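Read the structure below first, then the notes.
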Amino acid sequence: MSGAGTIRTAEAIAARVRAGSRLLALWVERLWSHGQTSPDQGLAIQPAEIRRILNDPQVDAEQYRQFLSEDEPARLARDAAAAEEALSNDGFWSGLVETFGLSLNERDLLALCIAVELDPRLGRVLAYVSDDMRATQPTAAATAGIFGWTDGFAGSSGLAPMSGLLRWRLAHPVSGEPAWRAATAWQADRAVVMSVKAERWVDSSLDRCTRLIGPEGTAGLRCLYPQVLVRMLADLSGEDWADGKREFEVVLTGPEGSGRETLAAQFATVMGRPLLAVKSALAGQAATQSVGTGLETGSDARSESRIDLLVKAVRLALATGAILYWRDAETISATEWIEVKSLGGRSLRGALEAPPTATHRYALPPIETALRLELWACSSESPAPAIVRTQRLTPEEIRLVAQASGQAVRMDAVHGELRRAAHTNRELMQPLACPYEWDDLVVNPSLHRTLKDFEAQVELRWEVYEDWGFGRLTPLGKGISALFGGPSGTGKTMAAQVLARSLGLELYRVDLAGVVNKYIGETEKRLRDVFDACERSGALLFFDEADALFGSRMQVKDSHDRFANIEIDYLLQRIEQFDGIAILATNRKNDLDAAFLRRLRFVVDFLNPDKQERRILWEKALPALSPGGERILGDVDFGLLAGEMELNGAQIKAIALGAAFLARRAGARIEMEHIELSAHREYAKQGLMMRAGLAHAGTSRNGTSRSEVR
């Protein structure tokens, strides 16, 4: 919509208003001269005025026709007709009227509102021709008189309550007055006035929540989803889409940052139109901000609402010939969506999931490893971190990570950007520190190989799925999940920490207290949030005490059993469709539903350490030197400790820590007596007791145990 004339649109509107007002002013002056109205503009009412008002309308019409036959009124009428024709031929104005389907009466009222905004002095003219010094704002009655409406210029407004002016927010009644009244004062929307002055559509109230993307915005951008674009063009390039012959609800599904907006812009470019991208979540914030800044945005900002801004976004798209794209369509309520759809036009929606009402659904698949590496190379000169290969990062996440990393890739910066992109719920998931490496993990060789196999599958999964084509064997979900079963203290959590650190992933532990909820359906909703956040952030998800969630289904005896089974069924379905990495830990492996075990890639049994492993654990727990080089360990017999006490790793660490505090308090090195006292206390926590002392047990080397636990 643009202007195309020898005079500007604003000048043409003002010329038409002035021409019509001159003719009406001459008629009002004629009435004054005959005593049929009050020259003091309403301060007194003359009898002749009352008689004129109560006259037969046909008599008044005949008198006005006779008036127009006189030389001066006839000349003014010709001037008014010429001004009307000039405005009708104005390209911008005629485009505006046609685009929003305005009736003749609506067109005239809007023109008068715009003229008064452009030249406030015309308010005094309105009072003059209305014979009322208070009537300084445009009304339907004043419009009828100035533009000579054939249905009468003093009575009927000619406007329906839901006219195009109101529907498109082009103008609104002042102070909430009824739109149908002829005496209701009207005001043009600020964007309409500014657009008329610029002769192109502009709306500053939408600056924060919209972006117009023309062909130059997509030039040089690679299409990441060519197959999806081909399908869209095949489905949406027909007359039904262009002419609006039937309802379309087109949804692009994919995570935030996957390139939905870019794909929509590329579609619009091929269709020969720009794309207007709307951040509907920001529309509410913009409305709130406008309410608080009335001095900056004008008086109509005080009545601005979220639905007003959504309608104005549709208005902007129509005025600019753009295809509308709702960037975060989930934030639009059902009520708002009904009104938005009623305005017509063609739009695309971006969402995580398509609503049931969608007529066309286009899912954006995760981009493959080769393309992820290519996008990284376009954003950074440094080598791609392992997470780019192991996780299905979105294009936006790759850009953010590359931007944060700079020349040297820092994993803390990588994780920080992914946390920003994924919005993990800290009420449901808590991050776990990962201070341990493979050398810190003491397990038997078989278990160590299994854990290394788990790591390798995470690192190589997309090469196997994509390059070798084995993704066909996992059509539902391509995640890697494992069960770590075994007694407490055997290293299940440490193994998860080691794997996360080695893979360059963040580790999140699921808070069961936050996930499990007594309200029906709430647990499933929270579990969905947990799994979705894990898939989005590329973190390793750790379910400690997994039997609390993944327990066996039970025979249904009441409604509680039925809903408990529904939760388990949901978990079975979600773990099968999972695309992330998860570890379930439990010391009650037999309590898990057998269906879960079938869906897990690895089932790993953690056993209590044997004598050799216990010795290694003692040696790692009790270093000879402090970080500063001071000798802190006395004469400690690690073989004796490993042989005399059958402990797990957690117990050994607890005893070593207690012995360190005892020795430090005594101002001495860590000796066997400190370890013995600490061990007595550790056994006591479990209701056990050591009968013989470790310090004396070392005097016998014949293999007979001198310590006994009961």
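The values are calculated or read from the model by the stated rules, or taken from the named source; none is laboratory data. All of these numbers come straight from a predicted model, not from anything done at the bench. Cβ placement follows ideal geometry from the backbone for every residue including glycine, while neighbour counts extend to all protein chains displayed.
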Output for region 338-364, where each listed residue is within 18 Å of the chain's Cα centre (by Cα) and over 19 Å from Glu261 (Cβ atoms): none
Wholly enclosed strands (runs of 3 or more DSSP E) of region 167-231 bearing at least 3 residues closer than 15 Å to Pro138 by Cα: 171-173, 186-188
Single residue of region 249-267 satisfying the filter (modelled with pLDDT under 95 and among the small types (Gly, Ala, Ser)) that is surrounded by the fewest Cβ atoms within 10 Å (Cβ to Cβ): Gly257
Ala408, sole failed condition from (1) under 18 Å from Glu256 (Cβ atoms); (2) at pLDDT below 80; (3) assigned to a loop (DSSP other than H, G, I, E, B): (1)
Helices (runs of 4 or more DSSP H) completely within region 1-120 that count 1 or more residues being modelled with pLDDT of 75 or more, closer than 18 Å to Val193 by Cα and not charged (D, E, K, R): 9-33, 71-88, 91-99, 104-118
Cross-chain or 6+ apart pairs with Cβ under 6 Å, region 332-350 first and touching a residue at least 24 places away in the same chain (Cβ under 8 Å), then part of a loop (DSSP other than H, G, I, E, B) and of a type in the set (Lys, Arg): Gly350/Arg327
Helices (runs of 4 or more DSSP H) contained entirely in region 461-579, each with at least 3 residues that are at pLDDT 80 or above and within 30 Å of Gln651 (Cα to Cα): 492-503
Flag for Asp79 being touching a residue at least 12 places away in the same chain (Cβ under 8 Å), closer than 14 Å to Val17 by Cβ and surrounded by fewer than 19 Cβ atoms within 10 Å (Cβ to Cβ): yes
Close pairs (7 angstrom Cβ cut-off, 6 or more residues apart or separate chains): surrounded by fewer than 21 Cβ atoms within 10 Å (Cβ to Cβ) in region 602-623, among the polar types (S, T, N, Q) anywhere: Phe602/Thr450; Leu607/Thr490; Asn608/Thr490; Asn608/Asn648; Glu613/Asn444
In region 173-182, the residues that are in contact with a helix residue (DSSP H, G or I) (Cβ under 8 Å, 6 or more places away or on another chain) and either under 14 Å from Leu112 (Cβ atoms) or modelled with pLDDT of 95 or more (or both): Ala182
Scope region 299-316; condition modelled with pLDDT under 50 and either buried (at least 19 other Cβ atoms within 10 Å of the Cβ) or not assigned by TED's automatic domain parsing to the domain that holds Leu275 (or both); matching residues: Asp300, Ala301
Enumeration of residues in region 378-404 that are closer than 17 Å to Cys534 by Cα, outside any loop (DSSP other than H, G, I, E, B) and among the polar types (S, T, N, Q): Thr390
